[in-house]
1. If the requirement is being in contact (Cβ under 8 Å) with a residue 40 or more places away in the chain and of a type in the set (D, E, K, R), which of these qualifies: Asp226, Asp256?
2. Could you go through the range 358-371 and let me know if any residue there is open to solvent by less than 40 Å² (accessible area, probe 1.4 Å), part of a loop (DSSP other than H, G, I, E, B) and under 24 Å from Asn165 (Cα atoms).
3. Taking the options Ile107, Ile57, name whichever one is touching a residue at least 12 places away in the same chain (Cβ under 8 Å), in contact with a helix residue (DSSP H, G or I) (Cβ under 9 Å, 6 or more places away or on another chain) and within 16 Å of ligand 1 (Cβ to nearest atom).
4. Give the range 304-347 a look and list any residue that's assigned to a loop (DSSP other than H, G, I, E, B), in contact with a strand residue (DSSP E or B) (Cβ under 7 Å, 6 or more places away or on another chain), of a type outside the set (Lys, Arg) and in contact (Cβ under 8 Å) with a residue 40 or more places away in the chain, or say none.
5. Quick one: Arg386 ticks every box in (1) part of a helix (DSSP H, G or I); (2) of a type in the set (Lys, Arg); (3) within 17 Å of Cys353 (Cα to Cα) bar one, so which box is it?
6. With respect to Arg198, is the statement that it is open to solvent by less than 60 Å² (accessible area, probe 1.4 Å), touching a Ser or Thr at 6+ places or on another chain (Cβ under 9 Å), farther than 15 Å from Pro246 by Cβ and of a type in the set (Lys, Arg) true?
7. State all residues of the range 275-317 that are over 30 Å from Gln93 (Cβ atoms) and of a type in the set (Val, Ile, Thr); if no residue qualifies, say none.
8. Any chance the range 85-93 includes a residue that's in contact with a helix residue (DSSP H, G or I) (Cβ under 6 Å, 6 or more places away or on another chain), in contact (Cβ under 8 Å) with a residue 60 or more places away in the chain and within 16 Å of ligand 1 (Cβ to nearest atom)?
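The values are calculated or read from the model by the stated rules, or taken from the named source; none is laboratory data. Every value quoted in this text rests on a predicted model; they were computed, and no experiment measured them. In this analysis, Cβ positions are derived from the backbone assuming ideal geometry, glycine residues included, and neighbour counts consider all displayed protein chains. Please note that ligands, DNA and RNA were not included when accessible areas were found on the heavy atoms of the full protein model with its side chains. Shrake-Rupley method; radii C 1.70, N 1.55, O 1.52, S 1.80 Å.
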Amino acid sequence: MDLKKLGRKVGKVLDNAGVANTGKHIREILDMDFKRLRSTVTKVINETPIADIHTHIYSEVFGDLLLWGIDELLTYHYLVAELFRHKPDLDYQTYWNMPKQKQAELIWDELFVKSSPISEATRGVVTVLAELGLDVRARDLNKIRSYFAQISTSQYMDKVFELSNIKYVIMTNDPFDKKEQSVWKAAHTDTRFKAALRIDGLLNNYHQNLPEINNQGFKITGDELDSIAITAIRDFLKSWIEKINPVYIATSLPPDFSIDDGSPRSKIILECVLPVAREAHLPFAMMIGVKKLQNPALQLAGDGVGKADVDVVAKLARDFPDVRFLVTMLSRENQHELCVTARKFKNILVFGCWWFVNNPSIIREITAERIEMLGLTMIPQHSDARVLDQLIYKWSHSRKIIADILAKKYFDITQSGWPVTKADIKRDVNRILGGQLLL
Ligand code: HDL
Ligand code: ZN
């Protein structure tokens, strides 16, 4: 007898025996075939307000650091890279010298009119326009522009947060960015935006940013990382933690990142960042595997990817058991090893499908192996949105994939008779996507 029939029989017997509700419960559970189960998981995921733990968007108070609207969507660096593949004869500097509107028109023409927008980044623009309810059949960019021209920044921000059902986003805040510095002098009150202290400038460009550290009042003379410098850098970090109240401290790191190479980066991580993070009870987020400016002519679009040594993550987690490490890696080849390493160290929290692995085919693979190895102790996704509107598509695309994988995993256990109720699914989804794991 198949499981469903058995479940109905058992349910009836229990009903007749007056065992309150159990029969109904069992029938409800066993009746949840995969389609029903998936639609329940999808509904729960869509209804769960998401904590988006890594983005490059800003609240309104940050002024023109906040990017939004169709021309910003079209000139997103992912699409710039794709434009040059469509127009290899286009000179890089000619493009960079164009006004943004002209850049957007060129990208629209090449990637959306003369070709089908089926790459993940072009598809994303189509998803945004569809979810805004815009008619794109005419493929008329100026008609689309007219929608954005008639809505204010704050109205649009409310709309984007509503459509994408985001609880809050965590920004990427750079202590070396002059524009940001002026903002932090005033109060910053939009609770939909939390801060992250991004210290690439300190770790990956220390000597270049030494003057700025001095300008901010943390006196370091000479290039040596002596005790005075170490103290000054700790104070620099503490002052920014005080100023912006970050959820975590973060940095990106190259594929060849090593912690025992005696470099300024290693010394600053070991003697400044981790002791300050421990004292402030802040996680340290390492985003590992980016080859900065592999093609400098592409500027922001010029970064590449490389396989990194996951042993460095294990060593740091082992040597600093009282510091929490958020880790995401850029190379698809690093994902399985990172999951295994996270099984060895409880202070590693794996998160997101970052950048070049933020594509449906790879999100699917990574999310399945993370659930299989880490269960519900990982954060499956962040958006990495650079343009406000991208919250809509990055989460619409990822929610569908995560719902499908989760449904399959729930279905597997229901097939073995394990009860999975809507309450279970809500609890689990809120845990991995609602920000609980970061608390
Ligand atoms: O270092 C990072 O945070 C990366 O996400 C880069 O900002 C990258 O340019 C990006 O936007 N990736 O999606
Ligand atoms: Zn990012």
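1. Values: Asp226 fails: in contact (Cβ under 8 Å) with a residue 40 or more places away in the chain.
Of Asp226, Asp256, the one residue that is in contact (Cβ under 8 Å) with a residue 40 or more places away in the chain and of a type in the set (D, E, K, R) is Asp256.
2. Checked the range 358-371: at least one residue is open to solvent by less than 40 Å² (accessible area, probe 1.4 Å), part of a loop (DSSP other than H, G, I, E, B) and under 24 Å from Asn165 (Cα atoms).
3. Values: Ile107 fails: within 16 Å of ligand 1 (Cβ to nearest atom).
Step by step, each of Ile107, Ile57 is checked, and only Ile57 is touching a residue at least 12 places away in the same chain (Cβ under 8 Å), in contact with a helix residue (DSSP H, G or I) (Cβ under 9 Å, 6 or more places away or on another chain) and within 16 Å of ligand 1 (Cβ to nearest atom).
4. So in the range 304-347, the residues assigned to a loop (DSSP other than H, G, I, E, B) come out as 306-310, 320-324, 330-331, 345-347.
Those still in the list that are in contact with a strand residue (DSSP E or B) (Cβ under 7 Å, 6 or more places away or on another chain) too: 306, 308, 323-324, 330-331, 347.
Among the residues that remain, those that are also of a type outside the set (Lys, Arg) are: 306, 308, 323, 330-331, 347.
Answer for the range 304-347, where residues must be assigned to a loop (DSSP other than H, G, I, E, B), in contact with a strand residue (DSSP E or B) (Cβ under 7 Å, 6 or more places away or on another chain), of a type outside the set (Lys, Arg) and in contact (Cβ under 8 Å) with a residue 40 or more places away in the chain: Gly306, Ala308, Val323, Leu330, Ser331.
5. Going through (1) part of a helix (DSSP H, G or I); (2) of a type in the set (Lys, Arg); (3) within 17 Å of Cys353 (Cα to Cα) one by one, Arg386 breaks only (1).
6. Numbers: open to solvent by less than 60 Å² (accessible area, probe 1.4 Å): yes; touching a Ser or Thr at 6+ places or on another chain (Cβ under 9 Å): yes; farther than 15 Å from Pro246 by Cβ: no; of a type in the set (Lys, Arg): yes.
Criteria not met by Arg198.
7. Keep residues of the range 275-317 that are over 30 Å from Gln93 (Cβ atoms), which gives 275-286, 288, 307-317.
Listed by number, the residues that qualify are Val276, Ile288, Val310, Val312, Val313.
8. Checked the range 85-93: no residue is in contact with a helix residue (DSSP H, G or I) (Cβ under 6 Å, 6 or more places away or on another chain), in contact (Cβ under 8 Å) with a residue 60 or more places away in the chain and within 16 Å of ligand 1 (Cβ to nearest atom).
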